[in-house]
Amino acid sequence: MSAAGGVHVDLDGAWPHLPLPRVDVREWGPKLRFSAPPKLIAAFRDKILPELSPFVVVGSGDFHHLSGVWLQRFHEPFVLVSFDNHPDWDVRPPRWGCGGWINRALELSAVHRVEVWGCGNFECWWPGRIWRNRLATGSGRLRVHAWAEGRPARDQQNRIAILRANWREKFQVFADGIAGANLYITIDLDCLAPEFACTNWENGTFTLDDLVWALARLRAKANVIGGDLCGAYSPPTYARRKQRFASEMDHPKIALPPADQIAAINLAAFAALWPRLTE
């Protein structure tokens, strides 16, 4: 597997053996995990941006808000596509946190629009959705496509709803609609079903074949300028008490397999997805 075009930004030791150049910034991990003050984000940005290549791997999805940093390297207009079990559209504080980082992306002039695919989280439905970025969703600049399997009929008819029976058809329409556009793709492994990824968050329902198919559709239609992958499990450590408290309140309680099994499952996901993301 070629390492060209990619770098592993190691914040938490979640990936033991990746065939990529590695930037060891584990001293930053506890300070940045789940949320971080803007000044700390700015200091990390200044340190890390010169180390990056177009495609980035980090560890836990607790660092997904750093995608808002990775995006700052690109200045030509592009569409952001996120595969995630969570919409990450929450407008409440903290400003830089993994549950609201999409709003930081929307502040960038180069981000033409954002499409989030594969959400199965309660935040997509009433009453959780009251904390969404209403301006962005109302204008169509932010579009979330959420699983509605098992939801009431009114939810299944909602414009954000996708079902196993129709999601590929809807995704193909989306891919056709962005033909020729610049594209940045971010993948949080928690969008995958539990047998395909072990994460710090609750899992979604995508299979690896689903994501491989979707990445191929995007690659066939658009110009992928960069991307990132996160969502591998790592034991959480924190630098600040308030940060720890908020994170532990927000995280679900998840039963995990042994460490060697976690590593094997997540490495299999990486091996399936990374070549399709970076090819």
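Could you work out the per residue convex hull volume over the alpha carbons of the stretch 57-135, in cubic angstrom? Present the calculation step by step, with values, prior to reporting the outcome.
Values: hull volume 7.3 nm³, N = 79.
Convex hull volume per residue, Cα atoms: 92 Å³.
Among G59, V23, N121, whose Cα projects farthest towards the positive end of the dipole of the stretch 1-134, with charges put on the beta-carbon of Lys, Arg (+1) and Asp, Glu (-1)?
The residue sitting most towards the positive pole is N121.
What is the stretch 134-279's relative contact order, in percent, from Cα pairs under 8 angstrom and six or more apart in sequence?
Numbers: 159 pairs, mean separation 33.8, N = 146.
23 percent.
Return, ordered by residue number, the residues of the stretch 95-125 whose backbone nitrogen is under 13 Å from a label point located 7 Å along Cα→Cβ of K242.
95-96
If you count the DSSP beta bridges with both ends in the chain, what percent of them are antiparallel, to the nearest 5?
Details: 1 of 36 bridges.
About 5 percent, rounded to the nearest 5.
Over the chain, with a Gaussian network built from C-alpha contacts below 10 Å, which listed residue (P19, P194, P94) shows the highest mean-square fluctuation?
Of P19, P194, P94, the most mobile in the Gaussian network model is P19.
Using a basic spin-label model with each label point 7 Å from the Cα along Cα→Cβ, how many nm lie between A271 and E202?
If labels sit at A271 and E202, their model points lie 3.1 nm apart.
Find the percent of Cα-Cα distances in the stretch 1-160 that exceed 25 Å, and round it to a whole number. Walk me through the numbers before you get to the answer.
On the way: 4386 of 12720 pairs.
Percent of Cα pairs beyond 25 Å in the stretch 1-160: 34.
In the Gaussian network model of the chain, springs joining C-alpha atoms below 10 Å, which of A255, A193, A14 carries the largest mean-square fluctuation?
The residue with the greatest mean-square fluctuation here is A255.
Helix by helix through the chain, keep the DSSP H runs that span 24 Å or more along the axis on Cα and average at least 0.5 on Kyte-Doolittle, and give those back in order. Spell out each step's value before the answer.
Details: long enough: 259-278 (27 Å, 0.88).
Long hydrophobic helices here: 259-278.
Go ahead and estimate [θ] at 222 nm for the chain from helices alone: -39,500 (n - 2.57) per DSSP H run with n ≥ 4, summed, over the residue count, rounded to 500.
Values: 10 runs with 90 residues, N = 279.
About -9000 deg cm²/dmol.
Pop the C-beta distance of S139 and H75 into the FRET formula with R0 = 30 Å and round what comes out to the nearest 0.05. Each step should come with its number before you reach the end.
Values: r = 22 Å, r/R0 = 0.73.
The calculated FRET efficiency here is 0.85.
What is the log10 of I(q)/I(0) for the stretch 44-100, computed with the Debye formula using one identical point scatterer on each Cα and no solvent, at q = 0.17, 0.24, 0.31 Å⁻¹?
For the stretch 44-100, the Cα-only Debye profile gives -0.64, -1.21, -1.43.
So with the 1.4 Å probe, I'd like the accessible area per residue for the stretch 41-110, rounded to whole Å². If you can, show how the numbers build up before the last one.
Numbers: 2230 Å² over 70 residues.
That works out to 32 Å² per residue.
Taking only protein heavy atoms and a 1.4 Å probe, what accessible area per residue, in Å², does the stretch 212-270 have with all protein chains in place?
Values: 3160 Å² over 59 residues.
I get 54 Å² per residue for the stretch 212-270.
Which cross-chain or sequence-distant (5 or more) residues have an amide H under 5 Å from the amide H of S82, H modelled 1.01 Å from N in plane?
E115, V116, W117, T186
Once the Cα gyration tensor of the chain is diagonalised, what are the square roots of 5 times its eigenvalues, in whole Å and ordered largest first, as equivalent ellipsoid semi-axes?
Working: eigenvalues 127, 92, 82 Å².
Each semi-axis is the square root of five times an eigenvalue, giving 25, 21, 20 Å.
Suppose every K and R has +1 on its Cβ and every D and E has -1 on its Cβ; what is the size of the dipole of the stretch 128-217 about the Cα centre, in Debye to the nearest 20? Present the calculation step by step, with values, prior to reporting the outcome.
On the way: 12 positive and 10 negative charges, 128 e Å.
Using only the charged Cβ atoms, the result is roughly 620 debye.
Over the chain, what percent of the accessible surface lies on carbon and sulfur atoms, probe 1.4 Å? List each step's numbers first, then the result.
Details: 6660 of 12090 Å².
Roughly 55 percent of what the probe reaches on the chain is carbon or sulfur.
Please give the Cα centre distance for the stretch 3-53 versus the stretch 197-272, rounded to the nearest Å.
16
Going out from 0 in 5 Å bins, what whole percent of all Cα-Cα distances in the stretch 120-279 drops into each bin?
Per 5 Å bin, starting at 0, the Cα pair percentages come out as 1, 7, 14, 17, 19, 18, 13, 7, 2, 0.
Looking at the chain as a GNM with Cα springs under 10 Å, which of A263, A197, A43 has the largest mean-square fluctuation?
Residue with maximal mean-square fluctuation among A263, A197, A43: A43.
The values are calculated or read from the model by the stated rules, or taken from the named source; none is laboratory data. Quick caveat, the model's predicted, so the values are computed rather than measured. No Cβ is skipped: glycine too gets one built from the backbone with ideal geometry, and neighbour counts run over all protein chains shown. Areas reflect the complete protein model, heavy atoms only, side chains present, ligands, DNA and RNA absent. Shrake-Rupley method; radii C 1.70, N 1.55, O 1.52, S 1.80 Å.
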